[in-house]
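Data block below; observations after.
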Amino acid sequence: MRELLEFLARALVENPDEVRVTEVIEDDGEVVFELEVAEDDLGRVIGRGGRVANALRSVIKAAATRAEVRAAVEILD
């Protein structure tokens with residue numbers, strides 16, 4: 001899932017070398033993927049009204065469901 005999120009984010013931004021995905025496992029077992037991009041690319045990853053961010057979260061949630069884990073995506077600024 002981490003690789004999937006990184007792949008999708010790199011395809012969206014102008015500075016793909018600055019895309020960082022950190023995997024954090026919470027106490028309750030949920031996996032949180034923290035996505036960091038260049039400041040100029042933040043709008044591209046969030047999208048108008050958060051549409052792109054919601055789409056990324058949906059894709060990761062679907063992959064997590066298939067792997068039978070709980071996952072979330074946080075976009076860091």
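Being surrounded by 12 or more Cβ atoms within 10 Å (Cβ to Cβ), over 9 Å from the mean Cα position of the chain (by Cα) and at positive phi: is that true of residue 47 here?
Here the answer is yes, as residue 47 does meet what is asked.
Counting only residues that are exposed (fewer than 13 other Cβ atoms within 10 Å of the Cβ) and acidic (Asp, Glu), which one in the stretch 50-77 is modelled with the highest pLDDT?
For the stretch 50-77, the residue satisfying everything is 68.
Which ones in the stretch 7-27 are without any contact (Cβ under 8 Å) to a residue 12 or more places away in the chain, exposed (fewer than 14 other Cβ atoms within 10 Å of the Cβ) and farther than 12 Å from residue 76 by Cβ?
7, 11, 17, 25, 26, 27, listed by residue number.
Among the residues of the stretch 1-25, how many are over 19 Å from residue 62 (Cα atoms) and among the charged types (D, E, K, R)?
Number of matching residues: 5.
Need the failing condition index for residue 69 against (1) β-branched (Val, Ile, Thr); (2) in a helix (DSSP H, G or I); (3) more than 13 Å from the chain's Cα centre (by Cα), just the number.
Residue 69 satisfies all of (1) β-branched (Val, Ile, Thr); (2) in a helix (DSSP H, G or I); (3) more than 13 Å from the chain's Cα centre (by Cα) except (2).
The values are calculated or read from the model by the stated rules, or taken from the named source; none is laboratory data. No experiment lies behind these values; they were computed from the predicted model shown. Cβ sites come from the backbone with ideal geometry, for glycine too, and all protein chains shown count toward neighbours.
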